[in-house]
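All of the numbers you see were taken from the coordinates with simple rules; none came from a lab. Keep in mind that this is a model prediction, so the values were computed, not measured. Here the Cβ is made from the backbone with ideal geometry for all residues, glycine too, and neighbour counts use every protein chain on show.
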Amino acid sequence: MTMIETTTPLDELRDAFAVMDDWEDRYRYLIELGRKLPSFPEEARTEANKVRGCASQVWMVARMTDDSPAKLALLADSDAHIVKGLIAVLLMIFSGKTPAEIRAIDAKAILDELELAQHLSPMRTNGLFSMLGRIGELAAAA
């Protein structure tokens, strides 16, 4: 029997970061990822959907899919280019997972592996962890 290797978007991100020596290149890559985010519905840009603790404006919503078991479908947007890229990274980590799987993920370890927190400003790092908190809240509420 032949094993089929599947590459996840997170694996692709790791590979891309591995070949980039310069953090300026990684920032450009993050911005490009942010540009590819699905469009965020205008009616979801409400105070209730804002992520608290972010210097930029960030909105995040979730809904349960019809899959069995149901998975959490996350959608988010920001008014800042790098933050949109960070959202894309978080979606790579958490998309297509059940709420229980989301709660079990050690996202901090993944972010440490990517060295993101070390290369972001303290305000962006706080915002990144605020977004992680919001994802945890959405998973717990699901």
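Once C-alpha pairs closer than 8 Å and six or more residues apart are averaged by separation and normalised to the residue number of the chain, the relative contact order reads 26 percent. If R0 is taken as 25 Å, the Cβ-Cβ distance between Ala140 and Arg35 corresponds to a FRET efficiency of 0.25. Counted by Cβ distance under 12 Å from Arg14, the other residues give a net charge of -4, where Lys and Arg count +1 and Asp and Glu count -1. Long hydrophobic helices in the chain: the complete DSSP H runs spanning 15 Å or more by Cα along their own axis with mean Kyte-Doolittle hydropathy of at least 0.0 are 9-19, 81-94, 122-141.
Note on Rg/Rh (Cα atoms, Kirkwood Rh): of the candidates (i) 1.01; (ii) 0.94; (iii) 0.97, the value calculated from this structure sits at (iii).
Once the gyration tensor of the Cα atoms in region 31-106 is diagonalised, the equivalent ellipsoid follows with semi-axes of 21, 14, 12 Å, ordered largest first. Compared with the direct C-alpha span, the chain from Ala73 to Thr125 gains 16.4 nm at full extension, assuming 0.36 nm per residue. If a spin label sat at a point 7 angstrom from the Cα of Arg14 along the line to its beta carbon, the backbone N atoms of region 96-119 nearer than 17 Å would be those of 105-117. Taken along the Cα-to-beta-carbon direction at a fixed 7 Å, the label points for Arg28 and His81 span 1.1 nm. Averaged over residues, the count of other Cβ atoms within 10 Å places the peptides 94-103, 15-24 in the sequence 94-103, 15-24, highest first.
Using the rule -39500 (n - 2.57) for each DSSP H run of four or more residues, divided by the residues of the chain, the 222 nm mean residue ellipticity is -15500 deg cm²/dmol.
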